Amino acid sequence: MPTNRIEITRPDDWHVHLRDSQILASVVEHTARRFARAIVMPNLNPPVTTVAQAMDYRKRILACVPAGLQFDPLMTLYLTQETSPADIRQAKASDGVVAVKLYPHGATTHSDAGVSDFRSIYHVLEAMEREDLPLLVHGEVTDPRVDVFDREKVFIDRHLIPLREQFPGLRIVLEHITTQDAVHFVQSSEHNLAATITAHHLLLNRNALFDGGIRPHHYCAPVLKRELHRQTLIAAATGGDPRFFLGTDSAPHPREAKQAACGCAGIFTAHAAIELYAEVFEHAGHLDRLEAFASFHGPDFYGFARNRGRLVLERRSWTVPEALPLGESVCIPLRAGQPVAWSLAALDER
Ligand code: NCD
Ligand code: ZN
């Protein structure tokens, strides 16, 4: 008999894009209904580069959380060529900034301020290692000579392996991993290196980009990979290894920004995030391991207490709306117009 109810410790999202202003106001409820905490990405335009900016942004987020929901946004700084060791010390001393995000210049949405010369930021990484402030990495090279589907693997070989040798004590999260190469790299690393895995990379392979025609709402960075990689990600996520944990990378864009001649990267999943992961774990025969992946491994890695609240899902299929409000526009969510097998039942926030 399949189970019809899943009760877990309230989960956290260790990688989400909440944006700002009206878009923030449209999306934050989806995340706050499901997750007690979320690591909020700093790739606003302009990026969040100082503790003061991060704390202001945190206030704007909290102002948009509907009354009655408990949600703690964990803030990050955007690492640029100008970031200094003093910024790192200030972040560590702050009550709210918990990590620093490294975007290679040009790798993804709003990454123009990202780093183009990794050696030139080594003094900042040294400060992070000393202060024990985790580095979150968008692990893709941007070298146009490298095939788009190989950019994660080449990043690991070219940049991450040397960086690890230089800073063995630096805690690193390789964000939204998409390949077997990344899974093997994490598995062969020390335990101060971990990775987040999105629901969409667990649910879709690259065929979803060209399903009867080009599918801009399945386009994200890093791009979806072939089935072999998806299977390896599923095995990693559902395998119980504490170095893999939940990070949705939910990344809303207005419909017109994606349905364009040069469409933006980003898939919106916040509206059904934990429900979609539940489908993956059930299909893999490991529903019993959803809680550790979603609610234990992340806080254990970051050194935070696990949540005390509970979250209940019940087997009740619902249809995702064709579009969701996004500021003055709309966003096309993952599974638009199609069913999701699990529904949120109750939330005991404690
Ligand atoms: C993200 C976004 O839209 O901000 N897009 C994406 O495809 N994942 C940026 C990112 O995390 O790469
Ligand atoms: Zn992201």
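Across all directions of projection, what mean area in square nanometres is found for the Cα convex hull of the stretch 1-137?
10.3
Give the Debye-formula value of log10 I(q)/I(0) at each listed q (0.15, 0.26, 0.31 Å⁻¹), with one equal scatterer per alpha carbon of the stretch 1-58, two decimals each.
Listed by q, the Debye log ratios stand at -0.53, -1.14, -1.33.
In whole Å, what is the distance between the alpha-carbon centres of the stretch 318-339 and the stretch 228-282?
Cα centres, the stretch 318-339 to the stretch 228-282: 16 Å.
So for the chain, taking the charge dipole from beta-carbon charges (+1 Lys/Arg, -1 Asp/Glu), which of Ala294, His159, Gly96 sits furthest toward the positive end?
After comparing all options, I get Ala294.
Which of the GluC sites (Glu not before Pro) found in the stretch 1-96 are loop residues per DSSP with 13 or fewer other Cβ atoms within 10 Å of their Cβ?
Passing sites in the stretch 1-96 are Glu82.
Averaged over every viewing direction, what's the projected area of the C-alpha convex hull for the chain? Give it in nm², one decimal, please.
Approximately 16.4 nm², given one-decimal rounding.
Calculate the FRET efficiency for Ala93 and Met1 from the Cβ-Cβ distance with a Förster distance of 35 Å, rounded to the nearest 0.05.
0.10
Report the residues of the stretch 87-128 in range of a label on Arg145: point 7 Å along Cα→C-beta, backbone N strictly under 19 Å from it.
105-107, 116-119
Which of Arg164, Arg119 comes first, and how do the rest follow, when ranked by fewest Cβ neighbours within 10 Å?
Arg119, Arg164
Taking neighbour counts of Cβ atoms within 10 Å as a proxy for exposure, in what order, fewest first, do Leu246, Leu74 appear?
Leu74, Leu246
Between Ala336 and Ile214, how many nm apart are label points set 7 Å from Cα along the C-beta direction?
Computed distance between label sites Ala336 and Ile214 equals 1.6 nm.
Using only DSSP helix segments of four residues or longer, with each worth -39500 (n - 2.57), what per-residue ellipticity at 222 nm results for the chain after dividing by its residue count and rounding to 500?
Result for the chain, helices only: -8000 deg cm²/dmol.
What order, most packed first, do the peptides 325-332, 250-257, 208-215 have when packing is the mean number of other Cβ atoms within 10 Å of each residue?
Working: 325-332: 17.9, 250-257: 21.6, 208-215: 11.0.
So the order, starting with the most tightly packed, is 250-257, 325-332, 208-215.
Calculate the dipole size of the chain relative to its Cα centre from +1 charges on Lys and Arg beta carbons and -1 charges on Asp and Glu beta carbons; express the result in debye to the nearest 20.
So the magnitude is around 460 debye.
So what is log10(I(q)/I(0)) for the stretch 208-338 at q = 0.15, 0.22 1/Å, when the Debye sum runs over its Cα atoms only?
-0.86, -1.39
From the residues His17, Val28, Pro42, which one has its Cα farthest along the dipole of the stretch 3-44 in the positive direction, the dipole being from +1 and -1 charges on Cβ of Lys/Arg and Asp/Glu about the Cα centre?
Comparing the listed Cα positions along the dipole, Val28 ranks first.
Each reported figure results from applying straightforward, stated rules to the coordinates on display, with no laboratory input. Because the structure is predicted, anything quoted here is derived from the model rather than measured. Every residue, glycine as well, gets a Cβ built from its backbone with ideal geometry; the counts of neighbours run over all protein chains shown.
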